[in-house]
Amino acid sequence: MLNSDAPLEWFETSAILYLVAPTFLFLATFTRIAVAIPGCAFIAYCAYRLVGRKARHDRMVPSLTSVYFLVLACAWIWLSGGIGPLHQNSDWTKHYAIVNALAQYPWPVEMADQGGVLRYSLGWYLVPALILKALTPHVQNIALSLWSVLGVFLFFRVIAAVLGDRASAIVAPLVFVIFGGADLIGYAFTGYQHGPIYHLQWWSGWISYPASTTSVFWTPQHAIPSWIGIGLLMRQRANPRLIPYIGLVFSAILLWSPFSVMGLAPFLLLVPKRYWLKSVFLEWKQAGSVLLIALPIASYLAAGANSVPHGFIWTLPCTIEDGPCFSWPAYARFLLVEIGLPLAVLLFACERYRKYFWMAIASLCVIPLYKIGVTNDFGMRASIPALSVLPILLADAICRCNVRLKAAIVLTLLIGLPTSAGEIARGFKRGPDIDVESSLYEPWARAYLSQYISTSPIFVLRSTVATH
């Protein structure tokens with residue numbers, strides 16, 4: 001049996017605590033005392049064991065490289081419109097509305113006029129909202145952006161350890177930032193474009209696989225936990241001391257994004273079999289995580305969620321009213337455009353993490369066959385963990401393979417570059433101003449209230465007196 005109290009690397013501990021911190025806040029402030037006390041005590045004890053032992057010395061990545069990771073994370077978030085003058089996309093109206101509700105009202109947030117309670121994946125929002133409560137409710141962009149920078153930085157640091165050499169550590173974040181599907185080619189096939197200028201992701205009409213930059217620009221609440229989660233799962237190959245904390249990580253990510261958990265779940269099968277019985281099934285941290293953290297969060301998120309459309313894609317073939325719909329030829333074309341080139345290159349170039357490559361490809365082939373959400377949120381968000389494996393492996397391969405394969409990898413990245421470049425370029429164009437003081441009580445929010453508010457009683461939540 002693994003020693004679950006053995007020290008981890010500092011960045012592994014930091015990544016776990018980053019994911020877990022919102023969960024502690026949620027249990028402490030949203031849930032009934034009978035749920036909050038054991039859940040918070042469990043998290044506090046796990047955190048104590050994580051930080052109470054001296055971390056192993058980190059020799060692979062010098063401090064200057066960590067500065068590089070931080071600068072790149074800051075630049076990426078700045079380009080998204082964070083902490084700066086660049087234009088943010090329309091999804092930020094919703095982000096600001098949620099964090100404003102959390103910052104301005106008691107927790108849990110009861111929407112008196114709507115007859116329900118705020119029920120949403122709150123992991124990304126809670127820590128910034130607490131900062132806003134403590135300081136001022138008018139620095140929304142700064143609080144959310146700094147929280148995102150920290151998450152992206154930790155992810156870059158984890159994948160540097162996954163790849164294990166300094167050259168890959170430098171290359172991997174750059175490859176990850178520019179990686180995307182061949183959406184320009186897809187657009188040439190269908191001629192369909194949905195969303196703002198330069199937004200090419202919806203060329204297929206019925207599903208979208210987001211580029212890395214698209215994910216962090218539009219939905220960091222789904223992207224960041226997916227990236228850190230897959231990084232930690234790949235890291236356990238070299239550091240199995242992470243395995244006893246898998247349950248804690250997955251339970252924490254559930255509050256950030258249930259779709260991220262769905263996308264990460266297949267990769268659990270790659271945990272070595274020799275660890276399954278004692279370190280996965282019989283490890284007390286795993287059982288405690290499920291019973292004390294995952295079950296309350298799942299009860300909260302599932303309340304009133306039956307109205308969300310779901311089913312096999314052939315029963316719900318259309319997503320956007322004026323866009324192309326699912327068909328088997330469209331399915332084949334979608335996969336060819338989105339993952340065909342990385343698949344072809346990595347078949348020859350991928351030597352390490354081969355099982356993760358095949359699991360990623362299998363996941364990306366299966367995910368389009370089921371649909372959850374009006375805009376197929378399952379396809380867009382559950383795909384993020386598997387999609388993130390591909391640029392990690394491409395970065396590893398480009399530092400190790402021969403010249404011909406290097407050229408093929410560069411070509412693959414260049415073909416996908418217009419998607420990320422378009423997302424970045426749009427930030428420099430004048431667009432509609434995003435209201436950082438937006439509210440869920442505004443008319444635009446009516447279409448989303450079924451996703452954000454539960455009118456059904458949620459047993460695990462404490463009661464509050466609604467004042468708004």
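The values are calculated or read from the model by the stated rules, or taken from the named source; none is laboratory data. Predicted model, so just to flag it, every value in this text is computed and none were measured. Cβ sites come from the backbone with ideal geometry, for glycine too, and all protein chains shown count toward neighbours. Heavy atoms of the whole protein, side chains included, go into the accessibility calculation; ligands, DNA and RNA do not. Shrake-Rupley method; radii C 1.70, N 1.55, O 1.52, S 1.80 Å.
Within the bounds of segment 423-442, is there any residue that is among the hydrophobic types (A, V, I, L, M, F, W, C), within 30 Å of PHE30 (Cβ to Cβ) and open to solvent by 10 Å² or more (accessible area, probe 1.4 Å)?
Of segment 423-442, the ones among the hydrophobic types (A, V, I, L, M, F, W, C) are 424-425, 428, 434, 436, 440.
Going one step further and asking which of them are within 30 Å of PHE30 (Cβ to Cβ), we end up with 434, 436, 440.
Those still in the list that are open to solvent by 10 Å² or more (accessible area, probe 1.4 Å) too: 434, 436.
The answer is yes; a qualifying residue exists.
So the check is Cβ under 7 Å with 6+ separation or different chains; which pairs have a first residue in segment 134-152 that's open to solvent by less than 10 Å² (accessible area, probe 1.4 Å) and a second one that's aromatic (Phe, Trp, Tyr) and in a helix (DSSP H, G or I)?
GLN140/TYR96; GLY151/TYR18; VAL152/TRP76
Return the pair list, or none, for Cβ contacts closer than 7 Å from residues in segment 183-198 that are under 12 Å from PRO418 (Cβ atoms) to residues that are among the polar types (S, T, N, Q) and outside any loop (DSSP other than H, G, I, E, B), at least 6 apart or on different chains.
Short answer, once both residue conditions are applied: ASP183/THR419.
Please state which one of LEU282, LEU346 is at pLDDT below 95 and buried (at least 19 other Cβ atoms within 10 Å of the Cβ).
Values: LEU282 fails: buried (at least 19 other Cβ atoms within 10 Å of the Cβ).
Being at pLDDT below 95 and buried (at least 19 other Cβ atoms within 10 Å of the Cβ) holds for just one of LEU282, LEU346, which is LEU346.
Quick one: which residue in ALA294, ALA298 is over 20 Å from LEU393 (Cβ atoms), touching a Phe, Trp or Tyr at 6+ places or on another chain (Cβ under 9 Å) and without any contact (Cβ under 8 Å) to a residue 60 or more places away in the chain? Break it down into steps so the answer makes sense when it comes.
On the way: ALA298 fails: touching a Phe, Trp or Tyr at 6+ places or on another chain (Cβ under 9 Å).
After ruling out the rest, the residue left standing is ALA294.
For segment 63-171, which helices (runs of 4 or more DSSP H) that fit wholly inside it have 1 or more residues that are closer than 26 Å to ILE434 by Cβ and among the charged types (D, E, K, R)? Spell out the reasoning first.
Details: elements: 63-79, 91-104, 123-134, 140-163.
By residue number, 91-104, 123-134.
Can you pull out every residue in segment 92-116 that is open to solvent by less than 20 Å² (accessible area, probe 1.4 Å) and at pLDDT 90 or above? Outline the logic, then answer.
Here is the first cut: in segment 92-116, the ones open to solvent by less than 20 Å² (accessible area, probe 1.4 Å) are 92, 95-103, 108-109, 111, 116.
Listed by number, the residues that qualify are TRP92, HIS95, TYR96, ALA97, ILE98, VAL99, ASN100, ALA101, LEU102, ALA103, PRO108.
Filter segment 194-225 down to the residues that are touching a Gly at 6+ places or on another chain (Cβ under 6 Å) and not in a loop (DSSP other than H, G, I, E, B) and list them by number.
Listed by number, the list holds a single entry, ILE224.
For segment 372-393, name all the residues that are farther than 24 Å from LEU232 by Cβ and open to solvent by 10 Å² or more (accessible area, probe 1.4 Å).
ILE372, VAL374, THR375
Answer yes or no: is there a residue in segment 314-322 that is within 21 Å of LEU364 (Cα to Cα), in contact with a Lys or Arg (Cβ under 8 Å, 6 or more places away or on another chain), at pLDDT below 90 and open to solvent by 40 Å² or more (accessible area, probe 1.4 Å).
no
Working only within segment 403-429, note down all residues that are of a type in the set (Gly, Ala, Ser) and closer than 21 Å to ASP91 by Cβ.
At the first step, the residues of segment 403-429 found to be of a type in the set (Gly, Ala, Ser) are 407-408, 416, 420-422, 425, 427.
Within segment 403-429, SER420, ALA421, GLY422, ALA425, GLY427 meet the criteria.
Checking the conditions here, which among ILE372, ILE424, ILE361 is in contact (Cβ under 8 Å) with a residue 40 or more places away in the chain, closer than 19 Å to GLY180 by Cβ and of a type in the set (A, V, I, L, M, F, W, C)?
Result: ILE424 is the single residue among ILE372, ILE424, ILE361 that is in contact (Cβ under 8 Å) with a residue 40 or more places away in the chain, closer than 19 Å to GLY180 by Cβ and of a type in the set (A, V, I, L, M, F, W, C).
Under the condition of being in contact with an Asp or Glu (Cβ under 8 Å, 6 or more places away or on another chain) and closer than 16 Å to LEU154 by Cβ, which residue from segment 209-241 is surrounded by the most Cβ atoms within 10 Å (Cβ to Cβ)?
Filtering segment 209-241 down to residues in contact with an Asp or Glu (Cβ under 8 Å, 6 or more places away or on another chain) leaves 209, 211, 213-214, 217-219, 232, 235, 239.
Now drop any that are not closer than 16 Å to LEU154 by Cβ, which leaves 232, 235, 239.
Working: LEU232: 28, ARG235: 22, ASN239: 16.
It comes out as LEU232.
Tell me, which residue of segment 172-191 that is part of a helix (DSSP H, G or I) and of a type in the set (Phe, Trp, Tyr) is surrounded by the fewest Cβ atoms within 10 Å (Cβ to Cβ)?
Within segment 172-191, the first condition is being part of a helix (DSSP H, G or I), and the residues that meet it are 172-178, 183-190.
After this cut, where a residue has to be of a type in the set (Phe, Trp, Tyr) as well, the list is 176, 187, 189.
Values: PHE176: 24, TYR187: 19, PHE189: 15.
Among residues in segment 172-191 that are part of a helix (DSSP H, G or I) and of a type in the set (Phe, Trp, Tyr), the one surrounded by the fewest Cβ atoms within 10 Å (Cβ to Cβ) is PHE189.
Of all the residues that make up segment 192-208, how many are on the phi > 0 side of the Ramachandran plot and open to solvent by 10 Å² or more (accessible area, probe 1.4 Å)? It would help to see each step written out before you state the result.
At the first step, the residues of segment 192-208 found to be on the phi > 0 side of the Ramachandran plot are 195, 198, 205.
From what is left, the residues that are open to solvent by 10 Å² or more (accessible area, probe 1.4 Å) are 195, 198.
The number of residues fulfilling the criteria is 2.
If I ask for residues that are modelled with pLDDT of 60 or more and either open to solvent by 30 Å² or more (accessible area, probe 1.4 Å) or in contact with a Lys or Arg (Cβ under 7 Å, 6 or more places away or on another chain) (or both), which ones from segment 48-60 would you list?
Result: TYR48, ARG49, VAL51, GLY52, ARG53.
Take the conditions more than 22 Å from LEU369 (Cα to Cα), acidic (Asp, Glu) and more than 16 Å from the chain's Cα centre (by Cα) and apply them to ASP165. Does it pass? Give the steps one after another, and end with the answer.
Values: more than 22 Å from LEU369 (Cα to Cα): yes; acidic (Asp, Glu): yes; more than 16 Å from the chain's Cα centre (by Cα): yes.
Judged against the criteria, ASP165 is a match.
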